[in-house]
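We did not get these values from a lab; they are worked out from the coordinates using the rules stated. A quick note: this is a predicted structure, and the numbers were derived from the prediction, not measured. We place every Cβ from the backbone using ideal geometry, glycine too, and count neighbours over all the protein chains shown.
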């Protein structure tokens, strides 16, 4: 069943187009993540929950039980976690007592603590618990993992799992694609000009064979630079400058610090050339410089995340299938 | 709009808890009693009637206490929590959690009203008059009406302001006019006439009456109370419709 269907939705705010060309079907139990800015996200949530109507296009909603959570939303800081959640239990139609679900949201340590004394990790989980009590059909959440610690992320993801088991469909938006990769299976990027574009994450196994077929002869090329053409100039990067390479809509983007530079080569070509410089294909869309990796974190049984040195915000996914390969390479 | 008693009850309990935990707001009614006690010890007990001007210490104390409690306390106890909820972004969460405006306002009005009425009754012995000498139903009716008017004014301020500082600023001139009523009416006849048309004026009339033999209902007082109530309610509904709660 489709919970909400958007057809060519456009929305203007203060005579400025914020959202344009949005086509999306939110199916029941789908796990969608959308990369968009905060302003876009807020407006998008209001559209989905039916608070405002689109400037043009259509939104068909099968359910009215939509709940949106934006980053700014606050908690009653003077209440205890228990008091807060019991209040929302009273105004919702939730049948059983919240006490039974403390473990799912890992809040037993702070159940009697005032909310103002909680860490941001715990507050996020209290928020999630509250939304669980309201038990909407469709839940919209904006950047829940931003500023959380690694343990915070791990426990949050556990809570998300619980919500999904309770038949709540969750749609996440965030400014960071890395965050969405942890939270959802279908990831879209929103571009102001062209609308939503699906990121090619799902097909994973297929290109592996191609790479293995390529003859692996080691050329004596000690010098190699990756080039990026920008308008009238070509920039060369030494492999050791590069943090990682990300494929965005089939274009390989070289990421250095906070900046992206497009490259003409495909991911497979780059992998072939940079392999001997210590680059590793950790995911279908990512080629990472292993010299820059500082941590390997496992949030759940089947997902691993690589964290870069000096830039802990960047979290790259590592497929389970490639973990063994990486173990061999680095030898740990 | 469907109004659920269960939700009103839940909001009532929440608001009572938050109100009692909010020191800056809950202190105003306590101050009302405190100030009356202090002034009772400072002002000599006089009952003068010269050239038509009467000054009864007890009446002045009761009037002052009532206006302090109902005027300052009532307005700040209803405006600050709304402004605080807006400032801390908790109101949006509530309004998207299947609570509607009517439930929210009724649920949060009740604890304020209960605290105000409790202090109104406590002010009777504090200002030095016996419970037996007071027409209780009249006293309760008038103070309750005035309290509700104050709460409505507080809601209007809460809705139009974005945070607590702004709520304090917007409320200031209104509070100043209300609380200066009992003082000025002693000094200036014309101001006294004007003040008769405010609900604070009615409260002073009430306390004057109680200390000089018994309060008598007058058409002016009742129409002033009804008028203020109707105007405030209308303004409140208008502001709520225009601004809403969650922005």
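For segment A:2-198, taking Cα atoms only, what is the radius of gyration to one decimal and the Dmax to the nearest whole Å?
16.9, 49
In degrees from 0 to 90, rounded to the nearest 10, what is the angle of the helix B:219-243 Cα long axis to the longest principal axis of chain B?
20 degrees
Could you give me the percent of Cα pairs per 10 Å distance bin for chain B, shortest bin first, beginning at zero and ending with the bin that holds the maximum distance?
Computed distribution, short to long bins: 7, 31, 34, 19, 7, 1, 0.
Figure the gain on full extension for residue A:150 and residue A:251 (residue separation times 0.36 nm, minus the Cα-Cα span) and round it to one decimal in nm.
In short, 33.3 nm is gained.
In units of 2.2 N^0.38 Å, what is the alpha-carbon radius of gyration of segment A:52-141?
Segment A:52-141 yields a ratio of 1.24.
Report, in deg cm²/dmol and to the nearest 500, the calculated mean residue ellipticity at 222 nm for chain A, where each DSSP H run with n ≥ 4 adds -39500 (n - 2.57) and the sum is divided by the residue count.
Here the helix-only value at 222 nm equals -7000 deg cm²/dmol.
So for segment A:102-154, Kirkwood radius off the Cα pairs, Stokes-Einstein at 10 °C and 1.306 mPa s: how many µm² s⁻¹?
133 µm²/s
What is the Rg over Rh value, at two decimals, for segment A:272-332, using alpha-carbon atoms and the Kirkwood definition of Rh?
With Rh from the inverse mean 1/r over Cα pairs, Rg/Rh is 0.93.
If you take each beta carbon of peptide A:278-291 and count the beta carbons of other chains within 10 angstrom, what is the mean?
So the per-residue partner count for this stretch is 0.
Give me log10 I(q)/I(0) at q = 0.11, 0.12 Å⁻¹ for the protein assembly as shown, Debye formula, one equal scatterer per alpha-carbon, no solvent.
-1.03, -1.14
Relative to the compact-globule scaling 2.2 N^0.38 Å, provide the ratio for the alpha-carbon radius of gyration of segment A:1-100.
Values: Rg = 16.7 Å, N = 100, 2.2 N^0.38 = 12.7 Å.
It is 1.32.
With the alpha-carbon atoms as the only input, what is the per residue convex hull volume for segment A:208-331 in Å³?
Cα convex hull per residue, to the nearest whole number: 123 Å³.
Would you tell me the mean number of C-beta atoms belonging to other protein chains that fall within 10 Å of each C-beta in B:9-16, as a whole number?
Shielding by partners across B:9-16 averages 3.
In a Debye calculation with equal point scatterers on the alpha-carbon sites of segment B:84-167 and no solvent, what is log10 I(q)/I(0) at q = 0.11, 0.12, 0.13, 0.15 Å⁻¹?
-0.43, -0.50, -0.56, -0.68
Could you tell me what percent of the DSSP beta bridges with both partners in chain A are antiparallel, to the nearest 5?
Values: 51 of 69 bridges.
The antiparallel fraction comes to roughly 75 percent.
When Cβ neighbours within 10 Å are restricted to other protein chains, what is their mean count per residue of peptide A:87-96? Walk me through the intermediate numbers first.
Numbers: counts 7, 6, 1, 7, 14, 5, 2, 0, 0, 0.
Mean shielding count: 4.
Counting pairs of Cα atoms in chain A, how many percent are more than 35 Å apart?
Tail of the P(r) past 35 Å holds 31 percent of the pairs.
Output the relative contact order of chain B, whole-number percent, from Cα pairs under 8 angstrom with separation of 6+ residues. Before the final figure, lay out each step's value.
Working: 314 pairs, mean separation 67.5, N = 247.
Relative contact order for chain B comes out at 27 percent.
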